[in-house]
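Single-structure report; data block below.
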Amino acid sequence: MLDINEIYNLLLEKYGYQGWWPINSKYHVKDYSFPKNKQQEFEIIIGSILTQSTNWKNTEKAIKNLKSNKLLSPKKINSINVKKLALIIKSSGYHNQKAKKLKEFTKFYLKNNKLTRDKLLGIYGIGKETADSILLYAYKRPYFVVDAYTKRIMNRLGFKEGTYDEFQDIFMKSLDNDYKLFNEFHALIVKHGKETCKKNPICNKCRLNKICEYGKSNLS
DNA sequence: TACCAGGTCCTCG
DNA sequence: CGAGGACATGGT
């Protein structure tokens, strides 16, 4: 049986601390105090929606564009025309849908102080991964985020469970209930998925290859 | 040129 | 339920 904590330790050794979530285009290594205010909290939430199935660079452009148009605030997004909003976030891809998602979230955000997971999941455009990203990175709540990289990496390691909930359970039952750990671990998984455990993985450079089902059979 | 990126919704069987 | 398609830009 693979040890989830060992996976974390190996990834941390290889890649170091990641400093998620990026705010103002900057990472904050080993500083888990973000967000420090409502403005940063809102930026993380908007980013978590805009980055759905989209690379961070494109998301970042959209966020910068929102800022330069002075629109990165709940009231502004709530009042702007959805088509204008779509043009401003165009770089993030799926911009028509995402504009609608931003407005739906914002409408909810303006009249709700407590954002529970169930309430988030009831909002158009927010599924499990986005809800957990918001809870973890904007609210420092220990919900483990499962994304496409997580599923791919776990599958290769030998965990064949398939659903979001099943993967999340594996992490949350194995790890200390610590938002800082969840924050760093998820960021490391993304890093690993991008750089090493890619669609065409580079197993001979992988820190996990000795404990990986796929890696062991894929080394020359 | 073709493929992919820190998903979610909708429809259909 | 679960699979399959729609949604879309920018980088390699």
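Residue check: is residue A:191 within 22 Å of residue A:15 (Cα to Cα), of a type in the set (D, E, K, R) and in contact with a helix residue (DSSP H, G or I) (Cβ under 9 Å, 6 or more places away or on another chain)?
Criteria met by residue A:191.
Restricting A:116, A:59 to those that are within 11 Å of DNA strand C (Cβ to nearest atom), within 20 Å of the chain's Cα centre (by Cα) and closer than 24 Å to residue A:150 by Cβ reduces the list to A:59.
Conditions (1) surrounded by fewer than 21 Cβ atoms within 10 Å (Cβ to Cβ); (2) aliphatic (A, V, I, L, M), marked per residue:
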position: A:138; (1), (2): no, yes
position: A:151; (1), (2): yes, no
position: A:154; (1), (2): no, yes
position: A:158; (1), (2): yes, no
position: A:161; (1), (2): yes, no
position: A:165; (1), (2): yes, no
position: A:171; (1), (2): no, no
position: A:179; (1), (2): yes, no
position: A:193; (1), (2): yes, no
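What residue, of A:195, A:166, is within 16 Å of DNA strand C (Cβ to nearest atom), within 23 Å of residue A:141 (Cα to Cα) and in the same structural domain as residue A:16 (by TED's automatic domain parsing)?
Details: A:195 fails: within 23 Å of residue A:141 (Cα to Cα).
Only one candidate qualifies: A:166.
Of all residues in the stretch A:103-152, those satisfying the criterion of being in contact (Cβ under 8 Å) with a residue 60 or more places away in the chain and either in a loop (DSSP other than H, G, I, E, B) or away from DNA strand B (no atom under 13 Å from the Cβ) (or both) are A:109, A:125, A:126, A:139, A:140.
What's the total number of residues in the stretch A:77-100 that are near DNA strand C (Cβ under 10 Å from one of its atoms), in a helix (DSSP H, G or I) and not aliphatic (A, V, I, L, M)? Steps first, please.
First, pick out the residues of the stretch A:77-100 that are near DNA strand C (Cβ under 10 Å from one of its atoms): A:86-87, A:89-100.
Checking which are in a helix (DSSP H, G or I) leaves us with A:86-87, A:90-92, A:95-100.
Those left that are additionally not aliphatic (A, V, I, L, M): A:90-92, A:95-98, A:100.
The number of residues fulfilling the criteria is 8.
Going through the stretch A:154-179 one residue at a time, which ones are out of contact with any helix residue (DSSP H, G or I) (no Cβ under 9 Å at 6 or more places or on another chain) and assigned to a helix (DSSP H, G or I)? Of everything in the stretch A:154-179, those that are out of contact with any helix residue (DSSP H, G or I) (no Cβ under 9 Å at 6 or more places or on another chain) and assigned to a helix (DSSP H, G or I) turn out to be A:166, A:169. A single member of A:189, A:134, A:202 is surrounded by 19 or more Cβ atoms within 10 Å (Cβ to Cβ) and not assigned by TED's automatic domain parsing to the domain that holds residue A:73, and it is A:189.
Within the stretch A:86-102, the residues that satisfy the criterion of being more than 12 Å from DNA strand B (Cβ to nearest atom) and in contact with a Leu (Cβ under 8 Å, 6 or more places away or on another chain) are A:88, A:89, A:99, A:102.
If you take the residues in the stretch A:105-124 that are modelled with pLDDT of 95 or more, surrounded by fewer than 16 Cβ atoms within 10 Å (Cβ to Cβ) and of a type outside the set (Phe, Trp, Tyr), which one is farthest from residue A:64 (Cα to Cα)? Applying the filter and picking the extreme gives A:118. Just one residue in the set A:30, A:61 is in a helix (DSSP H, G or I) and either in the same structural domain as residue A:170 (by TED's automatic domain parsing) or not polar (S, T, N, Q) (or both); that residue is A:61.
Do you know which residues across the stretch A:4-49 are of a type outside the set (Lys, Arg) and either touching a Cys at 6+ places or on another chain (Cβ under 9 Å) or modelled with pLDDT under 95 (or both)? Let's see the steps before the verdict.
Of the stretch A:4-49, the ones of a type outside the set (Lys, Arg) are A:4-13, A:15-25, A:27-29, A:31-35, A:37, A:39-49.
The answer is A:24, A:25.
Residue-wise test of (1) within 17 Å of residue A:5 (Cα to Cα); (2) aromatic (Phe, Trp, Tyr); (3) in a helix (DSSP H, G or I).
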site: A:181; (1), (2), (3): yes, no, yes
site: A:187; (1), (2), (3): yes, no, yes
site: A:192; (1), (2), (3): yes, no, yes
site: A:199; (1), (2), (3): no, no, no
site: A:217; (1), (2), (3): no, no, yes
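The values are calculated or read from the model by the stated rules, or taken from the named source; none is laboratory data. This is a predicted model, so every value here is computed, not measured. Heads up, the Cβs are rebuilt from the backbone with ideal geometry, glycines too, and the neighbour counts pull from every protein chain shown.
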